[in-house]
1. Go through the range 95-115 residue by residue and tally those that are touching a helix residue (DSSP H, G or I) at 6+ places or on another chain (Cβ under 8 Å) and open to solvent by 30 Å² or more (accessible area, probe 1.4 Å).
2. How about the range 143-167: which of its residues are part of a loop (DSSP other than H, G, I, E, B), open to solvent by 70 Å² or more (accessible area, probe 1.4 Å) and within 21 Å of Val60 (Cβ to Cβ)?
3. Taking the range 5-40 as the region of interest, how many residues are assigned to a helix (DSSP H, G or I) and open to solvent by 20 Å² or more (accessible area, probe 1.4 Å)?
4. Kindly indicate whether Ala81 is over 30 Å from Asp4 (Cβ atoms), surrounded by 19 or more Cβ atoms within 10 Å (Cβ to Cβ) and touching a helix residue (DSSP H, G or I) at 6+ places or on another chain (Cβ under 8 Å).
5. Between Ile48, Ile120, which is buried (at least 19 other Cβ atoms within 10 Å of the Cβ) and either in contact (Cβ under 8 Å) with a residue 60 or more places away in the chain or within 28 Å of Phe2 (Cα to Cα) (or both)?
6. Looking only at the range 41-77, count every residue that is touching an Asp or Glu at 6+ places or on another chain (Cβ under 9 Å) and outside any helix (DSSP H, G or I) and tell me the total.
7. Tally the residues that are in contact (Cβ under 8 Å) with a residue 60 or more places away in the chain and among the charged types (D, E, K, R), restricting the search to the range 1-36.
8. Give the residue that is modelled with the highest pLDDT, with candidates limited to residues of the range 87-117 that are within 13 Å of Leu7 (Cβ to Cβ) and not in a helix (DSSP H, G or I).
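The values are calculated or read from the model by the stated rules, or taken from the named source; none is laboratory data. Not measured: the values here are computed from a predicted model. Note that we place each Cβ from the backbone using ideal geometry, even for glycine, and neighbour counts take in every protein chain shown. To get the accessible areas, we keep the full protein, side chains included, count just its heavy atoms, and leave off ligands, DNA and RNA. Shrake-Rupley method; radii C 1.70, N 1.55, O 1.52, S 1.80 Å.
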Amino acid sequence: MFRDAGLQLWADSGWAAVTAPAVCAATGLDAAEFAAEYDSAEDLLGDIFDEGTEDRAAVVLAAIEAAGPNLHARIHACLVAVADRLDADPRQSTVLVEAVGCPSLRARRRAANRGFAAIIVGELGLAQLPIEPEQLQTAAHFCLGGLAELFLASQDAGTAIDRTLLVEHGTLLFEASLTAR
């Protein structure tokens, strides 16, 4: 209950709005109940971030496994899987980007990005790309940053980027970045 309320506050007003009093007000629970579960609002933010990251990692790994060895198919499957997750709960898009402003969340985001880059290098690297691992890792980090922005843009009514462009053109951009020399 606290996580959902914290995620909603975060999506609506930014991570700084996620305070123990605000979460308690949103849930109707009291500070003692909050304190029994979390040491601080920052701990709650960490749980929200970690839960979303673990969920996205699980769907990405499952998508890669199901896609077979073709690089294009693997990337496409990953983008579809993440787009499905973010469509199911658009609030998670905020978590992808908003974490940069909070020092402890920024550290978590960096660790998560290193983990996703490792997935890309390890799993997509199975496609036998003739690229050095360091170059593949650099491209993976580049793609992760661009992908986060594409997800945000796809949720912005002021852009022409929709889910189809996000997935189809995003796949091509991701593939081009990973195979650039």
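1. Residues meeting the conditions: 11.
2. The answer is Gln155, and nothing else.
3. 20
4. In short, no.
5. Ile48
6. Counting residues in the range 41-77 that are touching an Asp or Glu at 6+ places or on another chain (Cβ under 9 Å) and outside any helix (DSSP H, G or I) gives 0.
7. The number of residues fulfilling the criteria is 0.
8. Asp89
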